[in-house]
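S.K.: Here you go, one structure.
The values are calculated or read from the model by the stated rules, or taken from the named source; none is laboratory data. As the structure is a computational prediction, the values presented were derived from the model and not from experiment. All Cβ positions, glycine included, derive from the backbone under ideal geometry; neighbour counts span all protein chains shown.
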Amino acid sequence: MGLIEVYFGSIAGIITMIGLAQGYARELGRSMIIIVAIFLLLYVQDRLNPILDSVWRMVFSTEDVGAQQLFLSNFYLVLFVVIIFAGYAGRVITFSGQQWPMPQGAILSCLVGAVNGYLISGSLWYYQHIYGYPLSNLGWINPDLSPIAVELVRYLPQNVMPSPTPWVIPIAILLLMRVRG
């Protein structure tokens with residue numbers, strides 16, 4: 001088990017490299033999918049959790065809080081990963097226009113990839129954090145947060161904008177950028 005910030009930082013780094021390889025025009029389309037996923041999950045989370053709790057109690061007939069937290073965390077993690085995978089594996093909205101030459105194009109691709117990496121790894125971390133790091137029971141992550149990790153939790157995407165409403169703004173901006181070409 002390693003430090004949680006290294007684990008999620010590695011995920012962000014990998015997404016950044018994918019962004020560099022794919023180019024900013026495609027990564028901006030993926031940014032929109034990521035932001036929509038965050039918006040939707042934040043929007044339904046409070047409404048869906050009581051239903052998921054009822055399903056948990058009905059199916060498993062137990063009040064084990066740790067197992068229930070693992071169930072909720074895994075539900076949101078799997079749902080988020082499926083949406084993101086569909087965005088990366090399928091067709092995305094590609095932003096038109098002239099590609100910027102090197103090195104500006106590579107820098108912009110890296111920046112957009114880094115934002116996507118932050119949104120993806122930060123969201124994965126968020127669902128671990130709010131449910132008490134249930135994957136630590138499986139030995140995948142260290143539940144003891146370092147001082148750096150404690151500080152970084154404050155800057156997870158859903159902690160920066162905890163309401164789903166502000167997430168509509170970047171979606172609208174990206175849609176306007178796409179329409180205006």
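S.K.: Taking the stretch 56-66, which residues are part of a helix (DSSP H, G or I) and free of Cβ contacts under 8 Å to residues at least 12 places away in the same chain? If you could, list the steps in order and put the result at the bottom.
M.R.: Let us first name the residues in the stretch 56-66 that are part of a helix (DSSP H, G or I), namely 56-60, 65-66.
Correct list: Arg57, Met58, Val59, Phe60, Val65.
S.K.: Going by what's in this entry, would Ala25 be described as farther than 20 Å from Ser123 by Cβ, in contact with a helix residue (DSSP H, G or I) (Cβ under 9 Å, 6 or more places away or on another chain) and either loosely packed, with under 13 Cβ neighbours inside 10 Å or touching a residue at least 24 places away in the same chain (Cβ under 8 Å) (or both)? Walk me through it before giving the result.
M.R.: Details: farther than 20 Å from Ser123 by Cβ: yes; in contact with a helix residue (DSSP H, G or I) (Cβ under 9 Å, 6 or more places away or on another chain): yes; either loosely packed, with under 13 Cβ neighbours inside 10 Å or touching a residue at least 24 places away in the same chain (Cβ under 8 Å) (or both): yes.
Yes.
S.K.: Can Phe60 be described as modelled with pLDDT of 80 or more and either closer than 30 Å to Gly23 by Cβ or polar (S, T, N, Q) (or both)? Working first, answer last.
M.R.: On the way: modelled with pLDDT of 80 or more: yes; either closer than 30 Å to Gly23 by Cβ or polar (S, T, N, Q) (or both): no.
No; evaluated as a whole, the condition is false for this residue.
S.K.: Report yes if some residue within the stretch 155-167 is closer than 26 Å to Tyr24 by Cα, in contact with a Leu (Cβ under 7 Å, 6 or more places away or on another chain) and either β-branched (Val, Ile, Thr) or modelled with pLDDT of 95 or more (or both); otherwise report no.
M.R.: Looking through the stretch 155-167, at least one residue is closer than 26 Å to Tyr24 by Cα, in contact with a Leu (Cβ under 7 Å, 6 or more places away or on another chain) and either β-branched (Val, Ile, Thr) or modelled with pLDDT of 95 or more (or both).
S.K.: Only one of (1) under 23 Å from Ile130 (Cβ atoms); (2) modelled with pLDDT of 85 or more is not met by Ile107, so which one is it?
M.R.: Condition (1) is where Ile107 drops out.
S.K.: For the stretch 86-181, which helices (runs of 4 or more DSSP H) that fit wholly inside it have 1 or more residues that are out of contact with any helix residue (DSSP H, G or I) (no Cβ under 6 Å at 6 or more places or on another chain) and closer than 30 Å to Gly66 by Cβ?
M.R.: Where helices (runs of 4 or more DSSP H) fall fully within the stretch 86-181 and carry at least 1 residues being out of contact with any helix residue (DSSP H, G or I) (no Cβ under 6 Å at 6 or more places or on another chain) and closer than 30 Å to Gly66 by Cβ, they are 104-130, 147-153, 157-160.
S.K.: Does Pro101 satisfy being more than 28 Å from Met177 (Cβ to Cβ) and out of contact with any strand residue (DSSP E or B) (no Cβ under 9 Å at 6 or more places or on another chain)?
M.R.: Details: more than 28 Å from Met177 (Cβ to Cβ): no; out of contact with any strand residue (DSSP E or B) (no Cβ under 9 Å at 6 or more places or on another chain): yes.
Judged against the criteria, Pro101 is not a match.
S.K.: Determine, yes or no, whether Ile33 is without any contact (Cβ under 8 Å) to a residue 60 or more places away in the chain, surrounded by 15 or more Cβ atoms within 10 Å (Cβ to Cβ) and under 14 Å from the mean Cα position of the chain (by Cα).
M.R.: yes
S.K.: Given the condition among the polar types (S, T, N, Q), touching a residue at least 24 places away in the same chain (Cβ under 8 Å), at negative phi and not in a loop (DSSP other than H, G, I, E, B), answer yes or no: does some residue in the stretch 11-19 qualify? Can you show your working first?
M.R.: First pass over the stretch 11-19, keeping only residues among the polar types (S, T, N, Q): 16.
The next check asks that each one be touching a residue at least 24 places away in the same chain (Cβ under 8 Å); those that pass are 16.
Now drop any that are not at negative phi, which leaves 16.
Narrowing the set further to residues that are not in a loop (DSSP other than H, G, I, E, B) leaves 16.
There is at least one residue in the stretch 11-19 that is among the polar types (S, T, N, Q), touching a residue at least 24 places away in the same chain (Cβ under 8 Å), at negative phi and not in a loop (DSSP other than H, G, I, E, B).
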